[in-house]
Amino acid sequence: MELSYKGIKDKASWQNAGIQLPGYDAEACSKAAREKPCWVHFGIGNIFRIFLGGIADTLLEKGLLDKGITCVETYDFEVVDKIYKPYDNLALSVVLNNDGSRDYKVLGSLAEVVKGSTVFPEDWKRLKEIFRFPGLQFVSFTITEKGYALYRTDGSYLPVIQKDIENGPERPVSAMAVLTAMLLERFRTNKAPISLVSMDNCSKNGSLLRKSVTTIAEEWEKRGYVDSAFIQYVTDEKTVAFPWTMIDKITPRPSETIADDLEKLGVRNMQPVTTKCRTYIAPFINAEKIQYLVIEDNFPNGRPPLESGNGVYLTDRTTVNLAERMKVTACLNPIHSATGPLGVLLGEPLFADMLNTDADMMAMAKWIEYKEDLPVVKNPGIISPEEFADELFHIRFINEYLGDTNLRLCTDESQGLSVRFGETIKEYVSKSGTAENLVGVPLGIAGWLRYLLGVDDNGNSYETAPDPMVDELLMQMKGIKPGEPESLTTQLTPILSNTNLFGVDLYKAGLGHKIEGMFREMLCGNGSVRNTVHKYMNQTDG
């Protein structure tokens with residue numbers, strides 16, 4: 001069987017393999033999206049395809065949507081050439097249930113795919129046409145936190161952003177500059193309203209997106225590329241809205257075992273590929289079943305009935321913020337960020353297996369969750385924080401069939417520290433004047449810093465996960481050597497005091513010296529990481 005428009009016409013073969021096909025005409029939905037685009041998405045990787053593509057698929061199945069999503073990639077163009085076009089933009093969803101069973105479905109909701117770069121003139125021309133269409137209602141984003149980043153840690157612009165600012169809207173490279181250039185195209189054509197919806201795991205993601213777009217627009221105004229009327233257009237929520245969201249669906253990298261199983265079922269060419277940009281991706285996507293998407297209902301040009309998708313809530317900004325804080329600053333992401341790096345150091349590749357078999361790491365995860373994070377979280381109303389946490393520990397975190405790796409959880413960790421740890425720390429400082437009594441959170445930070453050295457607890461070297469700040473941080477940590485605790489002097493001071501990195505000066509919060517001490521203990525030779533985690537967890541009643 002072949003994953004293509006032609007291939008899925010052989011319905012009997014797919015059904016015999018236990019793979020559900022679209023109940024709608026995927027080709028017709030793709031054609032409709034090309035003619036009258038409604039929903040555009042930037043960042044066309046795994047979570048987009050299975051979660052947002054899955055939502056659109058559900059709406060198409062219910063007859064609540066008549067066209068697919070227009071997919072735009074601004075960073076890794078190999079994904080377009082290797083994963084989208086060879087398969088007619090179809091994707092194979094693999095839901096991994098807790099009992100080991102799987103639900104297979106072909107998604108036909110991903111319509112046109114466009115490379116968002118001037119390097120590809122025809123695609124660039126097409127992208128302009130799409131944004132000129134007045135019926136385009138909204139653009140969603142899963143480009144990771146670094147996709148919105150404009151600045152280095154010293155406050156200066158990143159080199160790519162500086163070039164985009166200087167070069168203006170005709171030759172943008174970064175996702176934020178490409179987007180701003182497309183908004184300019186829309187403004188010059190019809191000034192039609194639009195909603196820009198960040199669906200990335202960052203605090204107040206709509207405000208982050210808005211700040212990035214308006215900053216580039218204002219820098220272009222200073223250089224004469226745009227006028228004040230354009231600035232007014234992008235800053236007026238009645239014309240360009242930036243709703244906030246909270247998204248949650250654990251989506252591990254594609255499993256080679258699942259690729260093999262799909263090929264045994266008769267589906268050809270399912271093996272994952274690694275691109276030059278280090279994207280690990282396959283024609284299928286594997287993920288957990290549980291999902292949450294909470295969206296601020298702010299769509300000045302209208303929207304599809306998104307609330308009819310599985311796990312989707314449309315609400316107000318306050319509720320979104322509380323739900324996001326519950327998930328990103330307390331219940332889920334901090335556990336991943338605190339324990340993932342330590343799992344790598346301890347030689348435990350799989351997250352669920354680690355929690356299921358390692359008493360120290362399960363104790364640490366629960367201590368952070370129930371003793372440090374939940375006490376400072378407010379209830380968003382639509383989801384109970386306690387029930388959300390219990391669901392994580394009783395169902396989601398321990399789902400061994402997900403195959404989620406600790407190394408994946410370390411990807412771009414520097415970009416999320418201010419949210420995943422910083423917000424909780426600030427809550428304690430606000431309430432008590434200090435966060436010095438925290439144990440799990442500083443242990444997680446110390447573990448992440450130790451992980452950056454690339455040597456595990458047995459002295460074996462490993463390659464760290466992609467992170468835009470690794471080189472800069474390792475320069476600051478120069479001279480620190482595992483097995484030599486005396487090699488730590490003052491190297492961590494500029495890191496732990498960096499408010500851009502952590503959202504707070506950790507020394508002023510009462511944690512800087514504690515983290516240094518924990519980190520130093522982790523440098524005392526083979527087994528010292530294990531000993532440190534065990535020591536501090538034994539000091540708690542976790």
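Details
- Hydrodynamic radius by Kirkwood, which averages 1/r over all alpha carbon pairs of the range 1-47, in angstrom: 12.7
- Most tightly packed first, judged by the mean number of other beta-carbon atoms within 10 Å of their residues, the peptides 454-460, 198-204, 475-481 read 198-204, 454-460, 475-481.
- D by Stokes-Einstein for the chain, Kirkwood Rh over Cα pairs, 20 °C, 1.002 mPa s: 89 µm²/s.
- In plain terms, the chain from residue 526 to residue 15 could stretch by 178.7 nm, reckoned as 0.36 nm per residue minus the Cα-Cα distance.
- Average silhouette area of the range 111-185, convex hull of alpha-carbon atoms, in square nanometres: 5.6
- Only Cα sites of the range 317-539 enter the Debye sum here, all with the same form factor; the resulting log10 I(q)/I(0) across q = 0.14, 0.15, 0.18 1/Å is -0.82, -0.95, -1.40, listed in q order.
- Axial C-alpha extent at least 27 Å, average Kyte-Doolittle at least 1.6 - helices from the chain (DSSP): none
- Neighbour-count ranking [beta-carbon atoms within 10 angstrom, fewest first] of 239, 339, 144: 239, 144, 339
- Estimated FRET transfer efficiency when R0 is 35 angstrom, pair residue 207-residue 170 (beta carbons, to 0.05): 0.80
- On a per residue basis, the convex hull of the C-alpha atoms belonging to the range 7-314 measures out at 128 Å³.
- Ranking 453, 402, 274 by Cα position along the charge dipole of the chain, where only Lys, Arg, Asp and Glu carry charges on their C-beta atoms, puts 274 farthest toward the positive end.
- Two-site label geometry, residue 214 and residue 398: point separation in nm, points 7 Å out along Cα→Cβ: 4.7
- Our helix-only sum for the chain, with -39,500 (n - 2.57) per DSSP H run of n ≥ 4 divided by its residues, gives a mean residue ellipticity at 222 nm of -11000 deg cm²/dmol.
- Computed E for residue 81/residue 481 - FRET, C-beta separation, R0 25 angstrom, nearest 0.05: 0.05
- P(r) weight above 23 Å for the range 79-226, C-alpha pairs, percent: 46
- Gain on full extension, evaluated as 0.36 nm per residue between residue 235 and residue 62 minus their Cα-Cα distance, stands at 58.7 nm.
- Just so you know, the averaged projected area of the alpha carbon convex hull for the range 147-297 sits at 12.0 nm².
- Averaging over all projection directions, the Cα-based convex hull of the range 358-449 occupies 7.0 nm² in the image plane.
- For the range 317-539, the Cβ-based charge dipole about the Cα centre amounts to some 600 debye (Lys, Arg positive; Asp, Glu negative; other atoms uncharged).
- Highest average first, the peptides 324-335, 496-507 ordered by how many other beta carbon atoms sit within 10 Å of their residues are 324-335, 496-507.
- Of the peptides 482-492, 55-65, the ranking by mean beta-carbon count within 10 Å, highest at the top, reads 55-65, 482-492.
- With a threshold of 28 Å on the Cα-Cα distance, the over-threshold entries among 125/249; 11/125; 67/211; 9/31 are 125/249; 11/125; 67/211.
- Bridging of residue 128 to aspartates and glutamates at a Cα separation below 16 Å is possible for 35, 73, 112, 170, 185, once same-chain residues fewer than 8 apart are set aside.
- Pairwise FRET efficiency - residue 276 versus residue 6, Cβ, R0 = 45 Å, nearest 0.05: 0.90
- The range 7-314: relative contact order as a whole-number percent, Cα under 8 Å and 6+ apart: 20
- Full-extension gain in nm, residue 432 to residue 103, via 0.36 nm per residue minus C-alpha separation: 113.6 nm
- Top positive-direction residue, dipole computed over the chain with Cβ charges, set 109, 383, 498: 109
Readers should treat all values here as calculations from the given coordinates under stated rules, not as data from a laboratory. The shown structure was predicted, so the numbers you read here are calculated from the model rather than taken from an experiment. Counting neighbours? That spans all protein chains shown, and the Cβs are built from the backbone with ideal geometry, glycine included.
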